[in-house]
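Notes to accompany the following structure.
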Amino acid sequence: MLERIGIGGMALVYRVRHRALHSEHALVLRSTPAADPRRLMLEGRAQACLRHPNLVMATDVPELRGGIGLVMEYGSTPPRSRSGLEHRQPQVDDWPELFRCIVRGVRHAHQQGWSTAT
């Protein structure tokens, strides 16, 4: 593991390097034993099936001690790179476009039949 890059109510996210391929990925792990592993698996299935420029693809679900992990693409997200934000922090004026990008990705997921209730 290279570094922790995020934390939420359900998961911890780490930047990791594949030992054989030397490629960087995001590894999502449950943050607590109480976090539902079925939800992580459901999100992984959705992200593995969906193709959209505003969504990150899941590439693997490794079994780890204490549960599963979710391996995802890592890099500058399309909204950040498209908005010129890969080298600076978003400003208030950037938020409407970032929000639109998020909504487009979520809309695509729902159009393909994926939702939090799936």
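The values are calculated or read from the model by the stated rules, or taken from the named source; none is laboratory data. Quick caveat: nothing in here was measured; it's all calculated off a predicted structure. Methodologically, a virtual Cβ is constructed for each residue, glycine included, from the backbone with ideal geometry; neighbour enumeration extends over all protein chains shown. To get the accessible areas, we keep the full protein, side chains included, count just its heavy atoms, and leave off ligands, DNA and RNA. Shrake-Rupley method; radii C 1.70, N 1.55, O 1.52, S 1.80 Å.
What are the pairs with Cβ atoms under 8 angstrom where one residue, in region 43-64, is part of a loop (DSSP other than H, G, I, E, B) and the other, located anywhere, is open to solvent by 70 Å² or more (accessible area, probe 1.4 Å)? Sequence gap at least six, or different chains.
Qualifying pairs under 8 Å: LEU50/GLN112; HIS52/ARG104; ASN54/ILE102; ASN54/ARG104; VAL56/GLU73; MET57/ARG51; MET57/GLU73.
When only residues in region 4-45 that are touching a strand residue (DSSP E or B) at 6+ places or on another chain (Cβ under 6 Å), among the small types (Gly, Ala, Ser) and under 13 Å from GLY67 (Cα atoms) count, which is modelled with the lowest pLDDT? Walk me through how you get there before you give the answer.
Within region 4-45, the first condition is being touching a strand residue (DSSP E or B) at 6+ places or on another chain (Cβ under 6 Å), and the residues that meet it are 4-6, 11-17, 24-31, 37, 40, 44.
From what's left, among the small types (Gly, Ala, Ser): 6, 11, 26, 31, 44.
Narrowing the set further to residues that are under 13 Å from GLY67 (Cα atoms) leaves 11, 31.
Working: ALA11: 86, SER31: 78.
So the residue we want is SER31.
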